[in-house]
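Colleague: One structure follows; several queries about it will come next.
We did not get these values from a lab; they are worked out from the coordinates using the rules stated. Just so you know, these numbers come straight off a predicted model, no measurement behind them. Heads up, the Cβs are rebuilt from the backbone with ideal geometry, glycines too, and the neighbour counts pull from every protein chain shown.
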Amino acid sequence: MAKTEDEILRELISKWVPLALEYSEGAPGLTKIYVYAGSEIGHVYANAFFEQEGSVRYPNQLRGVEASNERVVAVQRFLRNDLRVAEAQFDEAGVPRPTQYRIIYDLVSRQLDMQMSHELLYSNHPTKILEEGPEDWLDGRLEKLFGHTPGDFDA
């Protein structure tokens, strides 16, 4: 029997948030965990980000944890695999797949917020790529590694 959309999303969150918590265990000054995943035509991206001491950091920038490339890539692989499972479940249930997942888990209040989108934001964009999703979502709070900052290309 096919799962409902809510069941699929709850299952996804129940995998993603603990994975990010496990990765960040022991990091000092941690207040929030962000999980971003995007899935558009022929491309998926997923990563966790961490608010530590007032700054949002990529997983390899998190202080107080073993943040090797191998460990970061493993987390991203788990996130993407969970996303693919959820997408297959959405297809089986006949439910449209979200194209974007934005999860915030506040470690202080223990509150969880999840927002989704079903719009294609990057596949049809002339210059942007899916990896810019978290930079766009956390506008100005996450260092731009993929996108450009306004003025970068000004002469």
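Colleague: On a straight-distance basis, which lysines could pair with residue 3 in a cross-link, Cα separation under 25 angstrom, same-chain partners fewer than 8 positions away excluded?
Modeller: In chain and number order, the partners are 15.
Colleague: Along the charge dipole of the chain, which of 112, 34, 72 sits closest to the positive end, that is, farthest toward it, with unit charges on the beta carbon of Lys, Arg, Asp and Glu (+1, +1, -1, -1)?
Modeller: 72
Colleague: Follow-up. Provide Rg over Rh for segment 15-155; use the alpha carbon set for both Rg and the Kirkwood Rh (inverse mean inverse pair distance).
Modeller: On the way: Rg = 15.5 Å, Rh = 15.9 Å.
Using Cα coordinates only, the ratio equals 0.97.
Colleague: Looking only at 81, 47, 69, which one moves most when the chain is put into a Gaussian network model with springs between Cα atoms under 10 Å?
Modeller: 69
Colleague: Under 20 Å Cα to Cα from residue 128, which lysines show up? Leave out anything in the same chain fewer than 8 places away.
Modeller: 144
Colleague: While we're looking at this one, here's another question. If I build a Gaussian network model for the chain, linking alpha-carbon pairs within less than 10 angstrom, which residue out of 94, 42, 133 has the largest mean-square fluctuation?
Modeller: Answer for the Gaussian network model of the chain: 42.
Colleague: Applying the Karplus parametrisation 6.51 cos²θ - 1.76 cosθ + 1.60 with θ = phi - 60° to the phi angles of segment 81-94, what ³J(HN,Hα) value in whole Hz is obtained for each residue in order, glycine and proline being reported as x?
Modeller: Ordered by residue, 3J(HN,Hα) equals 4, 4, 5, 4, 4, 4, 5, 5, 5, 4, 4, 4, 7, x Hz.
Colleague: Further question: I need the phi-derived Karplus couplings for segment 62-70: 6.51 cos²θ - 1.76 cosθ + 1.60, θ = phi - 60°, integer Hz, Gly and Pro marked x.
Modeller: Per-residue couplings from phi come out as 5, 8, x, 9, 6, 10, 5, 4, 4 Hz.
Colleague: In sequence order, what are the phi-derived ³J(HN,Hα) couplings for segment 31-36 according to the Karplus relation 6.51 cos²θ - 1.76 cosθ + 1.60 with θ = phi - 60°, rounded to whole Hz, with x for glycine and proline?
Modeller: Here the 3J(HN,Hα) series is 10, 9, 10, 10, 10, 10 Hz.
Colleague: Give me the dipole magnitude in Debye, nearest 20, for segment 1-122 about the Cα centre, with unit charges on the beta carbon: positive for Lys and Arg, negative for Asp and Glu.
Modeller: Taking the Cα centre of segment 1-122 as origin, the dipole is about 260 debye.
Colleague: Near the amide H of residue 57, under 5 Å away, which other amide H atoms are found, from residues 5 or more places off or on another chain, if H is placed in the peptide plane?
Modeller: Residues meeting the criterion, in which the H sits 1.01 Å from N, are 50, 51, 52.
Colleague: Hey, what number do you get for the chain at 222 nm if only DSSP H runs of n ≥ 4 count, each worth -39500 (n - 2.57), divided across all residues, to the nearest 500?
Modeller: -11000 deg cm²/dmol
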